[in-house]
Amino acid sequence: MARWRPGPRLVPALAGGTALAALGVVWLPFAAIGCGVALAILVLATAEAWWLARVRVRVERPGLLAAGLNRAAVLRAEVWHDAAVPLRIAVRQTWPALLGGLDWRGETTCPPGRRIVLDAPVHGRMRGRALAAAPWTATTRFGLVERLAGSGEPMRVEIGPDLEAVRRLRRRYDALFLRGFGQRIAPRRGHGREPDHLRTYVQGDDWRHLAWKASARRGELTVRTFRLERSQDVVLCLDAGHRMAAPVAGAAGAAARLDHAIDAAVLAAWMCDRCEDRVGLIPFAAAPASGIAQGRGPNHLARLTRCAGGLNADWVHTDYLALAAQLRRRLRSRSLILIFTVLPERGDHGELLAAARMLLPRHLPLFLAIRDPALEAEADAEPTDQAGLCRTLAAADLVDERRQLISELRHLGCLVAETAPGDAGTTAVDAYLETKRRQLL
């Protein structure tokens with residue numbers, strides 16, 4: 001439904017007519033002239049409003065705005081009208097909380113028969129999905145009256161993981177491997193699980209690789225050689241418990257620890273798929289979810305990204321034992337289990353260590369531990385008063401407990417990679433590639 005308000009020129013014009021009428025105290029005809037001018041302005045304003053009521057103004061924009069968390073984007077909108085004269089059009093849009101909840105305003109003079117493009121800068125502040133209300137336009141011809149009306153359709157807004165890092169990594173990866181274009185990738189021999197061929201035993205070979213039936217047929221000791229698998233299983237486990245809900249500052253801005261972990265998981269999933277491994281996803285908190293089973297391909301990565309982007313941290317306890325029990329039931333072969341979490345405090349160390357013992361040695365757990373830069377800075381600070389001393393001692397105690405837990409995990413045989421929130425993606429990819437290089441699977 002249309003609304004009306006005075007235009008930018010109506011008040012100055014009426015003020016001029018009123019001033020002219022006030023001069024009637026000096027010369028009486030000025031009063032009649034001023035009143036006539038004011039009346040004429042009101043008549044013109046009424047005529048402009050009557051004419052604007054018959055003009056159609058539209059703002060066309062995409063039905064979906066998708067952006068990454070803490071990433072800037074530009075929304076392009078086309079403005080047009082069906083009048084035969086140029087019109088001054090102001091467009092106003094109220095963004096949902098995902099984009100900051102502020103108003104955006106753009107103005108243009110739109111000639112007849114043309115579409116004017118307005119660019120609205122947006123910035124993803126929170127992950128999630130929302131509906132942006134239809135834009136409103138303020139239209140005027142002479143500036144005496146403005147017609148306010150909704151001139152478009154609502155738009156869906158989706159703020160998901162940061163995919164720009166995936167695009168950058170993909171460009172670098174493709175540029176690296178295009179240098180060897182035309183070369184054939186041969187299977188690599190090593191301590192894998194896929195049999196390659198049989199050969200005669202030589203001193204130093206592992207007796208566990210002896211092929212007894214082949215040795216009996218050939219009349220000499222024969223051993224099996226193996227090659228590295230080119231399609232192994234990698235499971236990404238995202239902690240959505242209370243520790244992951246705390247906001248921390250990263251390279252692109254402040255966000256919850258879970259948001260940084262999701263960006264890192266999406267980046268690691270793309271790298272796993274690029275290295276021909278099967279990758280799956282399991283969110284967990286008080287209980288593990290079903291998640292996404294291991295797979296490969298663009299469609300599988302899209303499903304995994306949508307599942308990760310829809311996660312929200314909840315203020316519940318993180319149950320590592322339940323996660324380990326589900327992984328033991330679900331995984332049939334040795335897998336790399338990449339766990340994105342915040343290492344617990346001293347009271348919960350035993351539960352995490354027990355979960356690690358359940359997974360070892362059948363699987364290889366890799367903990368990606370997100371550090372707290374503020375806590376580490378407080379532990380290294382020089383206190384100036386008694387309250388500061390208490391904070392420093394408490395922070396130093398928590399940091400020491402964390403180091404002790406990492407040492408115990410590594411002693412059990414787990415891999416642990418510490419990372420700052422903004423570097424979680426790079427650290428996850430580096431840890432995965434190092435595991436592949438060392439042939440730990």
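Any residue at all in the range 79-97 that's in the same structural domain as Thr139 (by TED's automatic domain parsing) and over 27 Å from Pro8 (Cα atoms)? The answer is yes, given that some residue of the range 79-97 is in the same structural domain as Thr139 (by TED's automatic domain parsing) and over 27 Å from Pro8 (Cα atoms). Within the range 47-74, the set of residues being surrounded by 12 or more Cβ atoms within 10 Å (Cβ to Cβ) and among the aromatic types (Phe, Trp, Tyr) comprises Trp51 only.
Return yes when Ala379 is in a helix (DSSP H, G or I), among the aliphatic types (A, V, I, L, M), buried (at least 16 other Cβ atoms within 10 Å of the Cβ) and free of Cβ contacts under 8 Å to residues at least 24 places away in the same chain and no when it is not.
The answer is yes for Ala379.
Filter the range 112-127 down to the residues that are crowded, with 16+ Cβ neighbours inside 10 Å and part of a strand (DSSP E or B), then identify the one that is farthest from the chain's Cα centre (by Cα). Ranking the qualifying residues of the range 112-127, first place goes to Ile116.
I'd like to know if the range 333-341 contains one or more residues that are modelled with pLDDT under 90 and either within 25 Å of Asp273 (Cβ to Cβ) or surrounded by fewer than 22 Cβ atoms within 10 Å (Cβ to Cβ) (or both). For the range 333-341, residues modelled with pLDDT under 90 and either within 25 Å of Asp273 (Cβ to Cβ) or surrounded by fewer than 22 Cβ atoms within 10 Å (Cβ to Cβ) (or both): present. When Ala130, Ala77, Ala90, Ala138 are checked against the criterion of being within 22 Å of the chain's Cα centre (by Cα), surrounded by 15 or more Cβ atoms within 10 Å (Cβ to Cβ) and not in a loop (DSSP other than H, G, I, E, B), Ala130 stands alone in meeting it.
Tell me the residue from Ala396, Ala417, Ala424 that is assigned to a strand (DSSP E or B) and either touching a residue at least 12 places away in the same chain (Cβ under 8 Å) or touching a Pro at 6+ places or on another chain (Cβ under 7 Å) (or both), please. Exactly one residue qualifies, and that residue is Ala417.
Restricting the search to helices (runs of 4 or more DSSP H) fully inside the range 259-363 and requiring at least 2 residues that are over 22 Å from the mean Cα position of the chain (by Cα) and closer than 20 Å to Ala240 by Cβ gives 320-330, 349-359.
Got a number for residues in the range 42-60 being outside any strand (DSSP E or B), of a type in the set (Val, Ile, Thr) and either within 46 Å of the chain's Cα centre (by Cα) or assigned by TED's automatic domain parsing to the domain that holds Leu311 (or both)?
1
Reported count of residues in the range 208-225, each being surrounded by 12 or more Cβ atoms within 10 Å (Cβ to Cβ) and over 54 Å from the mean Cα position of the chain (by Cα), is 4.
Could you go through the range 61-77 and let me know if any residue there is assigned by TED's automatic domain parsing to the domain that holds Val145, polar (S, T, N, Q) and under 25 Å from Ala2 (Cβ atoms). So far as the range 61-77 goes, no, none of its residues is assigned by TED's automatic domain parsing to the domain that holds Val145, polar (S, T, N, Q) and under 25 Å from Ala2 (Cβ atoms). Screening Arg5, Arg9 for residues that are touching a residue at least 40 places away in the same chain (Cβ under 8 Å) and surrounded by 12 or more Cβ atoms within 10 Å (Cβ to Cβ) leaves exactly one candidate, Arg9. When the range 315-361 is filtered for residues that are touching a Leu at 6+ places or on another chain (Cβ under 8 Å) and among the aromatic types (Phe, Trp, Tyr), the ones remaining, listed by number, are Tyr320, Phe340. For the range 150-190, filtering for residues that are acidic (Asp, Glu) and at pLDDT below 75 leaves 1.
Among the criteria (1) crowded, with 18+ Cβ neighbours inside 10 Å; (2) farther than 13 Å from Pro365 by Cβ, the one Cys414 does not fulfil is (2).
The values are calculated or read from the model by the stated rules, or taken from the named source; none is laboratory data. Nothing here was measured: the structure is a model prediction, and the numbers come from that model. Note that each Cβ is placed from the backbone with ideal geometry, even for glycine, and that neighbours are counted across all protein chains shown.
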